[in-house]
1. In nm, what is the difference between 0.36 nm times the number of residues separating Lys238 and His408 and their Cα-Cα distance?
2. Under 28 Å Cα-Cα from Lys439, which lysines qualify once same-chain neighbours fewer than 8 residues away are excluded?
3. What is the Cα radius of gyration of the chain over 2.2 N^0.38 Å, N being its residue count?
4. Rounded to the nearest 0.05, what FRET efficiency is calculated for Asp230 and Arg153 with R0 set to 51 Å and r the Cβ-Cβ distance?
5. PRE reach from Trp210 (point 7 Å along Cα→Cβ): which of the stretch 312-337 fall under 20 Å by backbone N?
6. Which of the GluC sites (Glu not before Pro) across the stretch 142-246 are loop residues per DSSP, with 11 or fewer other Cβ within 10 Å?
7. What whole-number distance in Å separates the alpha-carbon centres of the stretch 158-228 and the stretch 371-402?
8. What is the gain in length, in nm to one decimal, between Arg130 and Asn251 on full extension, counting 0.36 nm per residue of separation less the C-alpha to C-alpha distance?
Amino acid sequence: MSVTIISKNWNNTREKEVGSNSIRRLITIICFSCLVSIVWAQTVLEEIAKTPFLSSNNYCVYPDRDDHQYTEAPAGKKPFYISHYGRHGSRYLSRQHAYDIPFGILSKADSAGKLTPLGKDVFRQVIIAREDVKDRNGELTELGNRQHHHIARRMMEHFPEVFEGKAHIDARSTTKIRCILSMGAALQQMVSLNPELQIHRMDASQHDMWYMNYQDQLLKKSRMTPAANDAYTAFTKKREHNERLMSILFNDTAYVRQEVDDATLNYYLFKVASIQQNTHLSDSLHLLDIFTNEELYRIWQKENVWWYINFGACLLNGGKQPFTQRNLLRKIIEEADSCIALTQHGATLRYGHETIVLPLTCLLELNGYGMQTMDLEEVEKNGWVAYRVFPMGTNLQFIFYRTDPFDHDVIIKVLLNEEEATLPIQTDIAPYYHWSDFKDYYLKKLDDYERSITPPLP
């Protein structure tokens, strides 16, 4: 059997269904939901100790709950339009090698008689997970489908004025099947609640990828500058401790030294363990239990700063990575202005990826996620915690309010994962903001950036 071989350096390794409502997953979701509301009361290590699955960052299950409390809008203002960008729901791992690599290492050790009883049980669980994902890499799970049913239902319950009668709905997704199915799940739920809805468009086309999933190649190439790579390597090296895990999986330390890439095995075992919360195997596979809270925390720290460098406003590479989503932000503004000019009500729904939601959140400087630093040790200390932004099904909702179609003082609030969020804009009606102030602030920010990258005329 051939197994993909990769570099021993963990730092260079990146890749990017549920049959019943289990007690285990329910506890995880409830804990995650509680953490959202008391997020500053605990350290990340304390949060992970209470809810180990939080260590998985972008593999976290969405905090699916119905107890959101919202600030009352100013007198007379009613919601009439929602602009939305959401990540697909829970999925399987995208790359088959994430399963093949730990399978290959453990299979070889098992044949050589080098696994402990626990190591054999871990190998058994890896085999089950690997077989379950066959021909399903990156696909939406049953849980992912339900998440978008629930998010759509709550959107309609919280803002019924937007979706009443023959409300106009425009929906688009990226071309990935998991995103298309997420969009379909949301629209299916909406139409079941209001059959009169006018679905003007339900589309997934390369035509829209210039803003739905824009990949700025110049910025992408500048992510890991020498300074960023050196800082990241130093940061992760201090947190690379795999000895305990190897000692409980293998019965021969010499074999581990000679035959096992401990960093790679640790990394992919964690990935396979983390993703199971999103599948129907969450009750039967407990691979995350082989890691201590401290080990999970260290893994999370390495992942968190990787996300910060690559998608946040990290000064080690110029602090400009969030501008990858400038096209999307302009589109959100332009389409909102078009809808404001109409007398009808409705929503624009977009379905994509965490690699879009995270930099867009940073570009908006939402909840302080526009934070800039060169010191990776300061990222967590300043509250830049990726799992609070982009669990499976994560969404940004821009809710627009006015008294009537002739009201020129349109106001807006932004929800991140259905929670009221703050913007870096002065307001006298927090958590609401005047749309004119929103536009002025972000259009200037976008214009300034685009001027900085535009060559001067000869």
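Bear in mind that the values in this text are calculations on the coordinates, not laboratory data. Fair warning: this is a prediction, and the values are worked out from it, not measured in the lab. When we count neighbours, we look across all protein chains shown, and the Cβ atoms used for this are built from the backbone with ideal geometry, even at glycine.
1. 55.7 nm
2. Lys77, Lys78, Lys220, Lys320, Lys331, Lys413
3. 1.01
4. Efficiency computed from Cβ-Cβ geometry: 0.60.
5. Of the residues in the stretch 312-337, 323-337 have backbone N under 20 Å from the label point off Trp210.
6. Glu196
7. When both Cα centres are located, 20 Å separates them.
8. This chain segment gains 41.2 nm when fully extended.
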